[in-house]
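A short write-up of the structure that comes next.
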Amino acid sequence: ITGVELQSADPVEEAKVWAYIADTQVVMDRGDPTVPLANATLRFIPDRDGRGPGLSGLELNATDAERLFAQADARGCHGPAGVITICGTRFTTKD
């Protein structure tokens, strides 16, 4: 896991809380507040799907992305732009 996406009603304030806990700073990346950690990044986004605050996505470093996407296709959870969705949580691979 190289990144975690968390959704909330106020992403900036949520990012500030996590930055305080991790003793680091909030950085804006592609318009989203993020908290860089030693081995991953926390990205904070608005609640767009109505599920409320919490985990909304994971970014993975896939050693065999082709197999990952084939398995997702076989299970009907591979969507557009390489996004795999399982139980409302979005999984992407690191670029």
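The values are calculated or read from the model by the stated rules, or taken from the named source; none is laboratory data. What you see is a predicted model; the values in this text were computed from it and never measured. Glycine gets a Cβ as well: all are built from the backbone with ideal geometry, and neighbour counts include every protein chain shown. We work out accessible area using only protein heavy atoms, side chains counted, and drop any ligands, DNA or RNA first. Shrake-Rupley method; radii C 1.70, N 1.55, O 1.52, S 1.80 Å.
Here are some notes:
- Ordered by solvent-accessible area of protein heavy atoms (1.4 Å probe), largest first, the residues 69, 44 come out as 69, 44.
- Residue 12 accessible area, assembled protein chains, probe 1.4 Å, Å²: 60
- Percent carbon-and-sulfur accessible area, the stretch 1-90, ignoring ligands, DNA and RNA, probe 1.4 Å: 55
- Solvent-accessible area per residue in the chain equals 65 Å², computed with a 1.4 angstrom probe and all protein chains kept.
- Helix 65-74 and the longest principal axis of the Cα set of the chain meet at an angle near 70°.
- Taking amide hydrogens as placed 1.01 Å from N in the peptide plane, the amide H of residue 37 sits under 5 Å from those of 42, each at least 5 positions away in sequence or on another chain.
- Accessible surface ranking for 77, 87, 1.4 angstrom probe, highest first: 87, 77.
- Taking Cβ atoms as reference points and 15 Å as the exclusive limit, the residues near residue 11 contribute a net charge of -3, counting Lys and Arg as +1 and Asp and Glu as -1.
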